[in-house]
Amino acid sequence: MSSILRAVLLAAVPVWPAAPTVAAEPDPAAAEKIVADALRAWQVPGAAVVVVRGDDTLLLKGFGVREARKADKVTPDTVFPLASCSKAFTSALIAMLVDDEALAWDDRVSKHLPGFALSDPNANALLTVRDLLSHRTGIGGHDLLWYRAPWGIDETLRRAKALPLDYPFRSGFAYTSVPVLAAGRYAEKRTGKKWEELVAARVCEPLGMTGVSFTTKGIPKDAERSFGHKLEKDGKPVVVPWYEITEPNPAGSVNATARDLAAWLKFHLSDGINPNGTRIVSVKNLDETKAPHTPVRLDGLAKALNPDTAQLSYCMGWLCYDHRGKKVLSHGGMIDGFRVQVTLVPGENLGVAVLANLQETRMNAAVTNALVDLYCDLEARDWNAFFRKVADQEAADRRAALEVRDASRKPDAKPSLPLANYAGEYANPAYGTLTVSCAGGKLALKWSSFACPLEQFEADTFRVTSGFFEDRLVTFTAAEGKATGVRFADQEFKKK
C-alpha cells in the first residue's frame, strides 16, 4: 500500500492493528521438481540441496544416487567435499580472531609469517591478512603448486616467493588459493593452534555441524559418502576417485553434509548467532568478510554466466553481486568428481546450498538461480537451457581453438635435436624440477605427481598424449645442438 493511499484511508475510517501478513512459502514440490529436472538435464547422478529462510529449513533433501547405476540414495547426511567453499570457513574464523584481538584484518603478514612472501618486496611489505583473503595480491592462479603436489602447504608457501606477480599488487583480481593457505597459517601463528582445530572449535561445534571433516582420511569409515563422477565422451557419468587430501587445507579441504550447510547458512543469515541464541562472532567482523574488496570485470565467461548482473566483486571467501535486483553472496567449489555452490540472499533472509557429485557441471548454478527466483517470487526462467547454451559455447570455443592450432601445424617440421638430447632436468624457481626421459624412441616428462608421455607435434614442440595434461603442448628451446629450456604448464623451465 502506498503512503498516500494509507494516509487517505486513515483520515476516512478508524483503523485497528492487524497481524502482519506473511507470504506463504512456495510448495516444496516446486523446488523438488527444479532439482529433479536439473539432474536429468545435466546427467548428474546425485545431489543434496538445502534451502533456509532465517531459522526455518524449507528444503533439506537428497536427490538421485551416491554412485551412478547403483541403488544407494543421496540423503541430507551424505558427505561431499566443499572444495573452495571452505574459504568462507577460514574468513569466518579470522573474523572471530579479530573479535578476540588475536589478530587484525590489516596486520602486516610479513611480521608474523616469514615463511610466505611476495616476490615484489614493496608489495610484500604492505601485504595484509585482508589481502590474503580477497584475491588481490598480484599472484595468479598457480593451482598446480598445491593440486596433486607431492609436497605440503608449507613448501607451497615457500615456493610462492619465486612467483612473478601477474598484475601489480592490489590493482586487479585473479582467483588463487595460495594466499588463502597463508591466511590459515597466519591464524595458526597468532593462536598457536591448528587451523582445523580452530574451525572445529569456533565454528563447527557451536553450530552443531557434526558431519564436518578436514581431510579425506578424517571422514568416518561409516559415513554416508558420495562418489564423484565425470562425464565420458558418450555423455554417461563414470566414477572418479576422491581427490585425497591428507593435510588440512584452509582454502579447500572441508567436507560436509547438506544438514551441516543448513546450520552454516542460518549462522550467516542470523549475522553470527548459533542455534542456542549465543553470538559467536560480531556483526561487524562477519560483515567484513562479505564486504566487496576487489572488483571483478564483467566480461568474457564472467559476463556470460551472470546475465542479470551489473556489478561483481570478491569479498573474503564470498562473491558479492546482484541478481535480478537482489543482492547475492555466493561461492562455488569444484574438485575431482564434485561441484558445490553456497548462496545467501540477505535481503530475502534466504540461503541455498547445492552439492552435486559431478565435476565441471553447470547444474549447481542452474538450480541455485532457479531456487532463488522461486523463493524470491521472481519470474521463472529456464536456467538449465541458459547454462546449457553457455556450456555448449565453452566446448565449441575449445574445439575451435584446437582446430586452429592443429590447422597451423607443420607436421613435416622435424625436431632440431636427436630425441636423446632433450632428456635431462629442467628447473623453474617456483615450480621446481621437471625431468624429461628418452626411451624406445619416445620422450616422456615428469613433474610433481604428473607423468606425461610425449609425441612430436612440430619442430621442437611435442604433444602430451594422455593423462591430466592430455593434448597440451610442450615446447623446447635449443641452441648450439643442446636443449636449453622447455615450456610446460605455462611455465618456463631452464635446462640444468
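Which residue out of Val352, Val367, Val372 is closer than 24 Å to Pro45 by Cα and in contact with a His (Cβ under 7 Å, 6 or more places away or on another chain)? Give the derivation first.
Working: Val352 fails: in contact with a His (Cβ under 7 Å, 6 or more places away or on another chain); Val367 fails: in contact with a His (Cβ under 7 Å, 6 or more places away or on another chain).
Selected residue: Val372, the only one of Val352, Val367, Val372 that is closer than 24 Å to Pro45 by Cα and in contact with a His (Cβ under 7 Å, 6 or more places away or on another chain).
Which of the residues that make up the range 389-424 are under 26 Å from Ser437 (Cβ atoms) and of a type outside the set (D, E, K, R)?
Correct list: Pro411, Ala413, Pro415, Ser416, Leu417, Pro418, Leu419, Ala420, Asn421, Tyr422, Ala423, Gly424.
Pairs under 8 Å by beta carbon, first residue touching a residue at least 24 places away in the same chain (Cβ under 8 Å) and over 21 Å from Glu470 (Cβ atoms) in the range 396-416, partner in a loop (DSSP other than H, G, I, E, B) and of a type in the set (Lys, Arg), six or more apart or different chains?
Every condition considered, no pair remains.
Do the conditions hold for Glu425, that is, is it surrounded by fewer than 16 Cβ atoms within 10 Å (Cβ to Cβ), at pLDDT 95 or above, of a type in the set (Asp, Glu) and over 24 Å from Trp151 (Cβ atoms)? Working first, answer last.
Working: surrounded by fewer than 16 Cβ atoms within 10 Å (Cβ to Cβ): yes; at pLDDT 95 or above: yes; of a type in the set (Asp, Glu): yes; over 24 Å from Trp151 (Cβ atoms): no.
Criteria not met by Glu425.
Restricting the search to the range 188-206, which residues are in a helix (DSSP H, G or I), free of Cβ contacts under 8 Å to residues at least 40 places away in the same chain and over 20 Å from Lys266 (Cα atoms)?
Listed by number, the residues that qualify are Glu188, Glu197.
Please state which one of Leu371, Leu355, Leu417 is hydrophobic (A, V, I, L, M, F, W, C), at pLDDT 95 or above and surrounded by fewer than 17 Cβ atoms within 10 Å (Cβ to Cβ). Step through it out loud before you land on a result.
Values: Leu371 fails: surrounded by fewer than 17 Cβ atoms within 10 Å (Cβ to Cβ); Leu355 fails: surrounded by fewer than 17 Cβ atoms within 10 Å (Cβ to Cβ).
On inspection, the qualifying residue turns out to be Leu417.
How many residues are hydrophobic (A, V, I, L, M, F, W, C) and assigned to a helix (DSSP H, G or I) if we restrict to the range 409-427?
From the range 409-427, those hydrophobic (A, V, I, L, M, F, W, C) are 413, 417, 419-420, 423, 427; that's our starting set.
Remaining after also requiring assigned to a helix (DSSP H, G or I): 419-420.
Going through the range 409-427 one residue at a time, the tally reaches 2.
For the range 428-469, list the strands (runs of 3 or more DSSP E) that sit wholly inside it and hold at least 1 residues that are touching a strand residue (DSSP E or B) at 6+ places or on another chain (Cβ under 7 Å) and on the phi > 0 side of the Ramachandran plot; which are they?
Numbers: elements: 432-439, 442-447, 450-458, 461-464.
Output list is empty.
Condition check ((1) more than 26 Å from Asp131 (Cβ to Cβ); (2) out of contact with any Lys or Arg (no Cβ under 8 Å at 6 or more places or on another chain); (3) not polar (S, T, N, Q)) across all residues:
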position: Ile273; (1), (2), (3): yes, no, yes
position: Val281; (1), (2), (3): no, yes, yes
position: Leu286; (1), (2), (3): no, yes, yes
position: His293; (1), (2), (3): no, no, yes
position: Val296; (1), (2), (3): no, yes, yes
position: Gln311; (1), (2), (3): no, yes, no
position: Met316; (1), (2), (3): no, no, yes
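From the list Leu118, Leu133, Leu113, Leu126, which one is within 18 Å of Lys161 (Cβ to Cβ) and in contact with a Gly (Cβ under 8 Å, 6 or more places away or on another chain)? I'd like the intermediate steps shown before the answer.
Values: Leu133 fails: within 18 Å of Lys161 (Cβ to Cβ); Leu113 fails: in contact with a Gly (Cβ under 8 Å, 6 or more places away or on another chain); Leu126 fails: in contact with a Gly (Cβ under 8 Å, 6 or more places away or on another chain).
Of Leu118, Leu133, Leu113, Leu126, the one residue that is within 18 Å of Lys161 (Cβ to Cβ) and in contact with a Gly (Cβ under 8 Å, 6 or more places away or on another chain) is Leu118.
Does at least one position in the range 383-393 carry a residue that is closer than 25 Å to Thr90 by Cβ, in contact with a Phe, Trp or Tyr (Cβ under 8 Å, 6 or more places away or on another chain) and in contact (Cβ under 8 Å) with a residue 60 or more places away in the chain? Quick ask: steps written out before the conclusion?
Let us first name the residues in the range 383-393 that are closer than 25 Å to Thr90 by Cβ, namely none.
No, the conditions are met nowhere in the range 383-393.
Name, by its number, the condition in (1) over 20 Å from Glu348 (Cα atoms); (2) crowded, with 17+ Cβ neighbours inside 10 Å; (3) among the hydrophobic types (A, V, I, L, M, F, W, C) that does not hold for Phe267.
Phe267 satisfies every listed condition except (1).
Of the numbered conditions (1) in contact with a Phe, Trp or Tyr (Cβ under 7 Å, 6 or more places away or on another chain); (2) closer than 19 Å to Pro28 by Cα, Gln359 fails exactly one; give the number of that condition.
(2)
Taking the range 40-58 on its own, how many of its residues are touching a strand residue (DSSP E or B) at 6+ places or on another chain (Cβ under 8 Å) and surrounded by fewer than 22 Cβ atoms within 10 Å (Cβ to Cβ)?
Looking only at that region, the number is 4.
Given (1) part of a helix (DSSP H, G or I); (2) over 33 Å from the mean Cα position of the chain (by Cα), identify the lone condition not met by Asp406.
Asp406 satisfies every listed condition except (2).
Kindly provide the set of residues from the range 320-333 that are surrounded by fewer than 20 Cβ atoms within 10 Å (Cβ to Cβ) and either touching a residue at least 60 places away in the same chain (Cβ under 8 Å) or out of contact with any Phe, Trp or Tyr (no Cβ under 9 Å at 6 or more places or on another chain) (or both), ordered by number.
Asp322, Arg324, Gly325, Lys326, Gly332
Leu157: of a type in the set (A, V, I, L, M, F, W, C), out of contact with any Lys or Arg (no Cβ under 7 Å at 6 or more places or on another chain) and farther than 18 Å from Ser313 by Cα, yes or no? Lay out the reasoning, then the answer.
Working: of a type in the set (A, V, I, L, M, F, W, C): yes; out of contact with any Lys or Arg (no Cβ under 7 Å at 6 or more places or on another chain): no; farther than 18 Å from Ser313 by Cα: yes.
The answer is no for Leu157.
Restricting to the range 292-306, and then to whatever is of a type in the set (Gly, Ala, Ser) and free of Cβ contacts under 8 Å to residues at least 40 places away in the same chain, can you tell me which residue is farthest from Trp383 (Cα to Cα)? Can you show your working first?
Going residue by residue through the range 292-306, those that are of a type in the set (Gly, Ala, Ser) are 300, 302, 304.
Checking which are free of Cβ contacts under 8 Å to residues at least 40 places away in the same chain leaves us with 300, 302.
Numbers: Gly300: 19, Ala302: 16 Å.
Among residues in the range 292-306 that are of a type in the set (Gly, Ala, Ser) and free of Cβ contacts under 8 Å to residues at least 40 places away in the same chain, the one farthest from Trp383 (Cα to Cα) is Gly300.
Can you pull out every residue in the range 350-394 that is part of a strand (DSSP E or B) and more than 30 Å from Leu144 (Cα to Cα)?
The first filter runs over the range 350-394 and keeps only residues part of a strand (DSSP E or B), leaving 350-356.
Within the range 350-394, Leu350, Gly351, Val352 qualify.
Restricting attention to the range 269-316, which residues are at positive phi and touching a helix residue (DSSP H, G or I) at 6+ places or on another chain (Cβ under 9 Å)? Spell out how you get there, then give the answer.
Quick first cut of the range 269-316, residues at positive phi only: 271-272, 277, 300.
Across the range 269-316, the qualifying residues are Asp271, Gly272.
Taking Glu455, is it surrounded by fewer than 16 Cβ atoms within 10 Å (Cβ to Cβ) and either more than 30 Å from Ala41 (Cβ to Cβ) or touching a residue at least 60 places away in the same chain (Cβ under 8 Å) (or both)?
Details: surrounded by fewer than 16 Cβ atoms within 10 Å (Cβ to Cβ): yes; either more than 30 Å from Ala41 (Cβ to Cβ) or touching a residue at least 60 places away in the same chain (Cβ under 8 Å) (or both): yes.
Taking the combined requirement at face value, the residue satisfies it.
If I filter the range 224-233 for residues that are farther than 16 Å from Ala68 by Cβ and surrounded by 13 or more Cβ atoms within 10 Å (Cβ to Cβ), do I get at least one hit? Step through it out loud before you land on a result.
Restricting attention to the range 224-233, the residues satisfying the condition of being farther than 16 Å from Ala68 by Cβ are 224.
Then keep just the ones that are surrounded by 13 or more Cβ atoms within 10 Å (Cβ to Cβ); that gives 224.
Yes, because at least one residue in the range 224-233 is farther than 16 Å from Ala68 by Cβ and surrounded by 13 or more Cβ atoms within 10 Å (Cβ to Cβ).
Let me spell it out: the conditions are (1) out of contact with any helix residue (DSSP H, G or I) (no Cβ under 8 Å at 6 or more places or on another chain); (2) under 20 Å from Arg202 (Cα atoms), and Gly152 meets all of them except one. Which number is the exception?
(2)
The values are calculated or read from the model by the stated rules, or taken from the named source; none is laboratory data. Given the structure is predicted, the values throughout are model-derived calculations rather than measurements. We place every Cβ from the backbone using ideal geometry, glycine too, and count neighbours over all the protein chains shown.
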